[in-house]
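This report refers to the structure that appears directly beneath it.
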Amino acid sequence: MNKDTSLEKIMTVLTVLEYPDKRLRKVAEPITEFTDALQTQIDDMLDTMYDENGLGLAATQVDYHHRLVVMDFSEEHDKPLVFINPEFEVLDDEANECQEGCLSVPGFYEHIYRAAKVKVKALDRHGKPFELDVDQLMAVCVQHEIDHLDGKLMVDYLSPLKRNRIKTKLEKAHKLALKEG
């Protein structure tokens with residue numbers, strides 16, 4: 001009898017904060033220590049992002065207020081990217097219109113203008129610095145997730161009327177969920 005003695009990682013899915021939760025407005029702090037707890041946080045955020053079918057997730061969205069972003073653009077969910085203390089600079093001023101969604105603003109997709117090409121500088125999960133020039137969808141995602149770390153949401157790019165409509169609908173949905181739960 002061949003007994004499998006390998007340890008399987010237990011998937012941990014975190015709760016994603018939803019607009020208009022005030023915790024989404026908190027500015028994230030830089031990460032200075034690369035601990036086992038940070039590695040667990042990264043893995044839990046990846047599990048959460050995959051479970052929610054997202055392309056990216058900022059730590060602020062799961063009530064962890066440190067400068068950490070995870071992304072994965074592969075169909076198999078096997079090419080995770082980790083950005084610690086990310087910053088970006090615009091490489092192409094041309095505005096790129098993209099229909100954006102957000103795990104913290106579920107069910108809404110809005111046209112947002114973002115820079116078409118950016119250079120992102122960050123540390124990987126082990127603290128090693130790296131740079132990437134990205135465009136198209138990944139450039140949009142980088143800017144979107146770094147906005148989260150700065151306490152900014154995609155709804156901030158919308159008119160006050162549209163932003164209030166989304167807020168009202170999500171507040172009603174939250175109240176209904178509490179009633180049913």
Cβ-Cβ below 9 Å, separation at least six or inter-chain, first residue in segment 25-51 and under 15 Å from Asn85 (Cβ atoms) and touching a residue at least 40 places away in the same chain (Cβ under 8 Å), second surrounded by 15 or more Cβ atoms within 10 Å (Cβ to Cβ) and polar (S, T, N, Q): which pairs?
Val27/Thr60; Ala28/Thr60; Pro30/Asn85; Ile31/Asn85
Could you tell me whether Glu89 is open to solvent by 80 Å² or more (accessible area, probe 1.4 Å), farther than 23 Å from Glu171 by Cα and in contact with a Lys or Arg (Cβ under 9 Å, 6 or more places away or on another chain)?
yes
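From the list Leu91, Leu103, Leu149, Leu81, pick out the single residue that is in contact (Cβ under 8 Å) with a residue 40 or more places away in the chain and over 23 Å from Tyr19 (Cβ atoms).
Leu91
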Does Asp124 fit the bill of being open to solvent by 60 Å² or more (accessible area, probe 1.4 Å) and either closer than 22 Å to Thr15 by Cα or out of contact with any Leu (no Cβ under 6 Å at 6 or more places or on another chain) (or both)?
no
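Please go through segment 163-179 and pick out each residue that is open to solvent by 80 Å² or more (accessible area, probe 1.4 Å) and either in contact with a helix residue (DSSP H, G or I) (Cβ under 9 Å, 6 or more places away or on another chain) or within 16 Å of Pro106 (Cβ to Cβ) (or both).
Arg165, Lys169, Lys172, Lys175, Leu176, Leu178
The values are calculated or read from the model by the stated rules, or taken from the named source; none is laboratory data. Nothing here was measured: the structure is a model prediction, and the numbers come from that model. All Cβ positions, even for glycine, are placed from backbone atoms using ideal geometry, and neighbour counts span all protein chains on display. We work out accessible area using only protein heavy atoms, side chains counted, and drop any ligands, DNA or RNA first. Shrake-Rupley method; radii C 1.70, N 1.55, O 1.52, S 1.80 Å.
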